[in-house]
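*Asks:* Before I ask anything, let me first share the structure, which is written out below as structure tokens.
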Amino acid sequence: IEEFIPEVVNAYILGRLDSVEAAANGRIDDPLDDVEMLQSQLELLPVIASNQYAVIGGWLTDVLDRTSKMYEAAISSGAAGHTHVLEKQLAWLVRVCAAMIGGHYTLDTQIKIEGSRVLPTAVMGTNMQEGDEMVDADVIWRMLQLMMLIERRNSAANLGRCDYRLEISMLSF
């Protein structure tokens, strides 16, 4: 099963990117607008991918690189229509990256009562394997690059602001 997990996750992510493009063309409803479904899917993704995170993370950074380069080219050319689709795809990728990195950690909270005192405690746990922090660092570096690219796009007089979903996903990262 471990050899198929990366293929399943990759197919899922590519399928979501294709659905964003289909929604932009009016063929289906926008998957970014269904917040509950998006949240439930993103909660399961890091659980499924945790044992193969290095492989999946490497593939994810490749997809981020390709999509960011297309986005940068669209910004430079002033192609507003293509830029809009890429922004939605990037918004989805940013949410995936946030879920993958955030999925490494758990927070266990407990409340102990001693007499009249309430003593809350929180214990942070992780399921990270050796090398996962390097994958996280690669993803975070790409997020910082994307932030600079978004700022450049928002500063361009002829393009206006980027899609609000991309800005929101960056804030949630």
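*Asks:* Summing -39500 (n - 2.57) over the DSSP H runs of n ≥ 4 in the chain and dividing by its residue number, what mean residue ellipticity at 222 nm do you reach, to the nearest 500 deg cm²/dmol?
*Replies:* Rounded to the nearest 500, it is -23000 deg cm²/dmol.
*Asks:* Something else about it: Determine the per residue accessible area of region 4-82 with all protein chains present and a 1.4 angstrom probe, expressed in square angstrom.
*Replies:* About 53 Å² of surface per residue is accessible.
*Asks:* Can you give the Kirkwood hydrodynamic radius for region 1-151, in Å, rounded to one decimal and based on Cα pairs?
*Replies:* Result for region 1-151, one decimal place: 17.2 Å.
*Asks:* Moving on to the next point. Mind jotting down the distance between the C-alpha centroids of region 135-173 and region 27-46, whole Å?
*Replies:* Cα centres, region 27-46 to region 135-173: 20 Å.
*Asks:* For region 9-58, list log₁₀ I(q)/I(0) at each q in 0.25 Å⁻¹, using the Debye formula over Cα point scatterers of equal strength and ignoring solvent, two decimals each.
*Replies:* Values, matching the q order: -0.97.
*Asks:* Put +1 on the Cβ of each Lys and Arg and -1 on the Cβ of each Asp and Glu in region 1-77; which of Tyr53, Ser40, Ser77 then has its Cα farthest toward the positive end of the dipole?
*Replies:* Ser77
*Asks:* Can I ask one more? What angle, in degrees between 0 and 90 and rounded to the nearest 10, separates the Cα long axis of helix 53-77 from the longest principal axis of the Cα atoms of the chain?
*Replies:* Relative to the chain, helix 53-77 is tipped by roughly 30 degrees.
*Asks:* Another question, then. If I fit a long axis through the Cα atoms of helix 80-102 and take the longest principal axis of the Cα atoms of the chain, what angle between them do I get, 0 to 90°, rounded to 10?
*Replies:* The angle comes out near 10 degrees.
*Asks:* Also, I was wondering about something else. Accessible area of region 48-173 with a 1.4 Å probe: how many percent of it is carbon plus sulfur?
*Replies:* Its accessible area is 59 percent carbon and sulfur atoms.
*Asks:* Shifting gears a bit: For the Cα atoms of the chain, what angle does the longest principal axis make with the long axis of helix 35-49, in degrees from 0 to 90, nearest 10?
*Replies:* 70 degrees
*Asks:* Compute the normalised compactness of region 70-129: alpha-carbon radius of gyration over 2.2 N^0.38 Å, N being the residue count.
*Replies:* That works out to 2.08 for region 70-129.
The values are calculated or read from the model by the stated rules, or taken from the named source; none is laboratory data. What you see is a predicted model, and the numbers here were worked out from it, not measured in a lab. FYI the Cβ positions are ideal-geometry reconstructions off the backbone, even for glycines, and counts take in every protein chain you see. All accessible areas refer to the heavy atoms of the entire protein, side chains included, with ligands and DNA or RNA removed. Shrake-Rupley method; radii C 1.70, N 1.55, O 1.52, S 1.80 Å.
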